[in-house]
Structure formats: C-alpha cells, structure tokens
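Please see the structure below; I have some questions.
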Amino acid sequence: MGKDHAETWAVAPETGGSPAEELEYRLRQQQLAAEYGAYALRTHDIGALLHEATRICALGLHSRYCKVLEYLPDEGQFILRAGVGWRPGRVGHARVGADLESPTGYAFQTGEPVISNHLEGETRFRTPALLKEYGIKRAINVLIQGDGSRYGVLEVDSPTEGRFTRADLAFMQGFANLLGVAIERHYVEEALRTTEARLRTAVAHQEVLTREISHRVKNSLAMVAGLLSMQRRDSSDPSLVKALEDAEARVTTIAQVHDRLWRADEVHRVQLAAFMSELCDKISMSAPSSQTLTCAFASVSIATDQAVPLALLVNELVTNAFKYAYPAGVGDVQVTLELAGPGQMRLTVSDQGQGLPADFDAEASDSLGMTLITGLSSQLNGQLQWHNNHPGTGFVLDFAMPEQTEEKI
C-alpha cells in the first residue's frame, strides 16, 4: 500500500467526537481493512504482509505502536516478528512470554481477545517488560489464526490515556482474520516449491484462500453499509442524510463487486460482459421507474484489479446521470464498453439530458463525485474526456487492457 493515511478527519471515540465523526472513524477503519485485503491479494512477501498489517492497524486505532508476535513452540514464547514504533533491534529479537499470566499468552492460548485499558492497574495479567519499557498504558490483543493453526497475536499498544472499545476489537479481529488467511497463503506458496503433486493441490487451495479474502472484505463493507444506514435513519439533518445515503450507496457497490469476484470461477480475471451486466441490473433496480439504463459490453476478460475501479466508475457516472441529467425525471442513460484497438478499451457513458453547465470544469470541481470519477480514471491509467452532446452529456475514457483476451463466441 505504501501511502501515509494520517489524516485529520477521523475522530477517535475517546476524544469526544460527535456521532457522525465517530461513524466516519469506524468507516475509515473498515476502509483500511478493505485496502489491506486488496494489498494481501497481490503481495507474496510475508515480511511485507506482516509489516503492512502493523502499520495499518496502528493507523486504524490512532496509535504509535503495533506488533505481530509469532509463537515459537520450541521456546514456548513469542518473538516480535513485525512492528511499528519500536526501536531498532527489537523487531526480530524481542521475546514476550506466552503463559496465561500474560495478556498476549492468554489471547493466544484461549483464542479470546484481550482489552487492557489501564495496564498500570491491571489485576488479571502481569504487564510484559517490553510494554513497561515503552510506557504503554493500554493494549488490545487478538489471535492470528490460519486454516486451523495458530500463528500468533496481533497487538496494538498505546502510551496515551484513553480506551479501546468493542468496535476497535471488531476492527482488529477482522484484520487478524485477513492476516491469518494471508499467512496461510504464504505457507501454501512455499509448498509450491516441492513436488508437482503438491503444486496442483496448493494452487487450488490458494484460489480458495484468495476468494476468502475477497469474501471477508465484502462482509466488512456490508457491515459499514449497515452502520451508515442506521446513522442515516437516526439523523434529522437533511444534508447529513444525503451524504450518508451517497456513502452507503458507494460502499454497497464495492461490497457487491467483491461479492461477484469471490463467487467467480477465475479470481484473477473477470468476464467483462457478465460482470458489468450484473452491476447494471443492480443499478437499474435502484433507479426511478421513469429512467432506464441501456448497456452494451464487449465479450472480453479483464484483470480483477481493473474490474473493481471500472465498476465503481460506471456506478458513479450512471448514478450522477440519473440525478442530474433529467430534471423532469424521465430519460435514458447509455453505457458501452468496447474494444478501441489492440489492447485498448473505451468506456462511454452518455445521456440526452440537459447537458453540462456552461462553466463546467472537471479539474476545478471539488465535489466528492467528481473527485471519485477523476481518481478512478487515473487508477485505470485512462484518458478521460467530457462532451456536451447537444443534447446531453458524454463521458469517454480510453484505457489500456494488459493481456486482453477476446472470448470466442
């Protein structure tokens, strides 16, 4: 992932933020988990997977310290295998006890998560020497488990006063689940270097684990959509209701995309026509009865990492057209995806509505919708154009499709 997500909008619960700010904080946690799931799909370096997990978990809980503790059966204790915030020489060397008197050991041996918000007054466990050394005041521990085997513990530590909550625990446990699957996939990939028979078995198992990651991302996003829906129903502020409604629709679309991906026979490529037709059917179901959506897609397969931003882009463009193109509420929106040359695709979304405003400037717009459209187009490395069709508006995006394979019909 490699980006620094340190932003100022997310307000931790203990800082006294409003319900809307706390909701945004929780939404950000789930977004980070979803981003890590996508990162785990394309990363095969176990060290990078573990380090990124600690970086993102620390970020998600606004803490300086996070670590992955791997259990060493021969020693009967943990080694600090990856982490952020710790001084040089600690990662890869520091040991922590694995007995039931230790919060880390208790979480590992019982499988039960541990939240300690007041370590100096903790009576259930002793405080590990490593935490005392860094002045840690509170910690949260969750088990990292693969396919039946326990790897270790994921722990976030904070030297500041405050509290970790059950919602933080849900974020951590979901993250540990993703990490457990990613670690298990790493072990499977190591087995690929053995016999040919193991190779065939491991590849099949890897496909299952990859689907499982996408499935878990989908479930996390569905939970976020539910939280947004609850907050929207409880709000009386029309502008907040509108913002939450838009956010819920976007998160739901991402969840639906991941649902389609994890159910597919091929996890690395997507059959474009079937994939996008299903998306358009879902968009049409949510549109007013007086508005229609007409779609046509080339019979090609595209890489999964292109399918996701492409689906989100189509959803944003069509939703915006339904909202703004036809003030009278009656009209049609057309979507086409076609081959524009060898290895090239062209996405066109158009309508016959009122057209673009006279002062329209996509680059100068600060609206969230336009920012998403521009960002998703850049993610596809595409060249985008807006046209005033007289009547209506046209959006065209040309982008490359690596290793494009056309289906035989």
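Are there GluC sites (Glu not before Pro) in region 24-119 that DSSP puts in a loop and that have at most 14 other Cβ atoms within 10 Å, and which ones? Kindly include the intermediate steps, with their values, before the conclusion.
Working: sites: Glu24, Glu35, Glu52, Glu70, Glu75, Glu101; in loops: Glu75, Glu101.
The qualifying sites are Glu75, Glu101.
Round to the nearest 0.05 the FRET efficiency obtained for Asp99 and Arg42 when R0 = 35 Å and r is the Cβ-Cβ distance.
Working from the Cβ atoms, E equals 0.40.
Would you mind computing the Rg to Rh ratio of region 270-409 from its alpha-carbon coordinates, Kirkwood style for Rh?
0.96
Let me know the shape class of region 50-103, please: from the alpha-carbon gyration tensor, a ≥ b ≥ c as square roots of the eigenvalues, rounded when a/c is under 1.5, otherwise prolate if a/b is greater than b/c, or oblate.
Verdict is prolate for region 50-103.
How about region 309-376: which chymotrypsin sites (Phe, Trp or Tyr not before Pro) there are in a DSSP loop, with at most 13 other Cβ atoms within 10 Å of their Cβ?
Qualifying residues, ordered by number: Phe360.
Expressed in nm², what is the orientationally averaged projection area of the convex hull enclosing the Cα positions of region 13-209?
11.6
Here's a follow-up. Using label points projected 7 Å from each Cα along Cα→Cβ, tell me how many nm separate Thr374 and Tyr324, to one decimal.
Roughly 1.3 nm, to one decimal.
Assuming R0 = 35 Å, what is the FRET efficiency of Ser277 and Asp147, from their Cβ-Cβ distance, to the nearest 0.05?
So the FRET efficiency works out to roughly 0.50.
Could you check the spin-label model distance between Asp305 and Glu112? Points 7 Å from the Cα along Cα→Cβ, value in nm.
4.2
Separate question: Please state the charge dipole magnitude for region 270-409, taken about the Cα centre, from unit charges on C-beta atoms (+1 on K and R, -1 on D and E), reported in debye and rounded to the nearest 20.
Its charge dipole is roughly 240 debye.
Please find the FRET efficiency linking Glu35 to Ser365, where r is the Cβ-Cβ separation and R0 is fixed at 35 Å, and quote it to the nearest 0.05. Before the final figure, lay out each step's value.
Details: r = 25 Å, r/R0 = 0.71.
So, using R0 = 35 Å, E works out to roughly 0.90.
Then there's this: Scan around Gly83 for amide H atoms under 5 Å from its own, H built in the peptide plane at 1.01 Å from N, and keep only partners 5 or more places away or cross-chain.
Val68
If you keep only loop residues by DSSP, which trypsin sites (Lys or Arg not before Pro) in region 61-146 have at most 11 other Cβ atoms within 10 Å of their Cβ?
Counting only loop positions with at most 11 other Cβ atoms within 10 Å, the trypsin sites (Lys or Arg not before Pro) in region 61-146 are Arg124.
Here is a follow-up. For the pair Arg124 and Glu161, how long in nm is the line joining their label points, each one 7 Å along Cα→Cβ?
For Arg124 paired with Glu161, the spin-label model returns 2.3 nm.
Each value in this text was obtained by applying a stated rule to the coordinates, not by laboratory testing. From a predicted model like this one, the values you see are computed outputs, not experimental measurements. Please note: Cβ atoms are built from the backbone with ideal geometry, for glycine as well, and neighbour counts cover all protein chains shown.
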